[in-house]
Amino acid sequence: MNSPLNGHINTIIWDWNGTLLDDISICINAINQLLSERNLNLLTIEKYREVFTFPVIDYYKAVGFDFEKEEWDRVAHDFIRKYDENLQGASLFPDVSIVLSAFKNKNYKQYMVSAMQHEFLEQTVQNLGIRDYFIEISGIRDHFANSKISMAKSFLREHNINKQSACLIGDTLHDHEVAEALGISCILIANGHQSYSRLARSGVPVLNSLSELSGFFN
């Protein structure tokens, strides 16, 4: 059962894609273009949330790509190109500014660790007008969306973040894996890239939207 976190939390580590940035339709449109080119079945949002996973190569295989017949690197770059072409159309989820402001007013420290390529991350966060809420943000240095665990561990060390006072907020089971590897608390939001039923398997609190976060911090 979901229950409030303890009163020692004063640091939030945010995921970006699917947690604060609503890019689900962009991802589905991009992958469906690639699937259509190969005469493969297209994804609905429901199907997408059931199959999307990390590492993303496993997700591509699950929806029908055959990497014995074509190169994974080429497909990954094709997806990113289509994604980047439409990224400017992505918006924040409702209540993002309200939630970030609420944490700021309570003097929480806020960071971001994302599987988005770092330069695009910086640019997108700045363009959407919320960069000032974060002490620091960090994205991956290539386009292949590999595990965030090593990057997140380095990030915690570099910024001297106290594990006992930190909570990661994300939208995928991989975010929970990252939090477990870091030894920090985790909350998952179920309006991103994976379904509520999948996220519930993690055993950590799962919320339907960011607006429900207020009840989890004393």
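Measure up K61/K163; K47/K153; K106/K153; K47/K109; K106/K163 against 24 Å on the Cα-Cα distance and list the ones that go over.
K61/K163; K47/K153; K106/K153; K47/K109, as the Cα separations exceed 24 Å there.
Explain nothing, just the number: dipole magnitude of the chain about its Cα centre with +1 on each Lys and Arg Cβ and -1 on each Asp and Glu Cβ, in debye rounded to the nearest 20.
In debye, rounded to 20, the chain gives about 600.
DSSP loop (so not H, G, I, E, B), at most 13 other Cβ within 10 Å: list which chymotrypsin sites (Phe, Trp or Tyr not before Pro) in region 87-150 pass both filters.
none
Pick from R157, R198, R49: which residue has the top mean-square fluctuation in a GNM of the chain where Cα pairs under 10 Å get a spring?
R157
Where only protein heavy atoms count, and the probe is 1.4 Å, what is the accessible area per residue for the chain in Å²?
On the way: 10480 Å² over 218 residues.
With all protein chains present, the chain gives 48 Å² per residue.
Considering only DSSP states other than H, G, I, E and B, which trypsin sites (Lys or Arg not before Pro) in region 73-119 qualify as loop sites with at most 14 other Cβ atoms within 10 Å?
Within region 73-119, the qualifying trypsin sites (Lys or Arg not before Pro) (loop, at most 14 other Cβ atoms within 10 Å) are K106.
Subtracting the Cα-Cα distance from 0.36 nm times the residue separation, let me have the gained length for E136 to L92 in nm, one decimal. Before the final figure, lay out the partial values.
Working: separation 44, 0.36 × 44 = 15.84 nm, distance 1.86 nm.
Residue separation times 0.36 nm, minus the Cα-Cα distance, leaves 14.0 nm.
With a cut-off of 8 Å between alpha carbons and a minimum separation of six or more residues, what is the relative contact order of the chain in percent?
For the chain, the relative contact order is 32 percent.
Tell me the volume per residue, in Å³, of the convex hull enclosing the alpha carbons of region 44-174. Intermediate results must be reported in sequence, preceding the final value.
Working: hull volume 17.6 nm³, N = 131.
Enclosed volume per residue, from the Cα hull, is 134 Å³.
Any idea how far the Cα center of region 17-36 sits from the one of region 186-218, in Å?
Using only Cα atoms, the two centres lie 20 Å from each other.
For region 17-108, which GluC sites (Glu not before Pro) are in a loop by DSSP, counting at most 14 other Cβ atoms within 10 Å?
Numbers: sites: E37, E46, E50, E68, E70, E71, E85; in loops: E68, E70, E71.
Sparse-neighbourhood loop GluC sites (Glu not before Pro): E68, E70, E71.
The values are calculated or read from the model by the stated rules, or taken from the named source; none is laboratory data. This structure is a prediction, so every number in the text was calculated from the model and none was measured. Every residue, glycine among them, receives a Cβ derived from its backbone with ideal geometry; neighbour counts consider all protein chains shown. Protein only, heavy atoms only, side chains kept; ligands, DNA and RNA dropped before computing areas. Shrake-Rupley method; radii C 1.70, N 1.55, O 1.52, S 1.80 Å.
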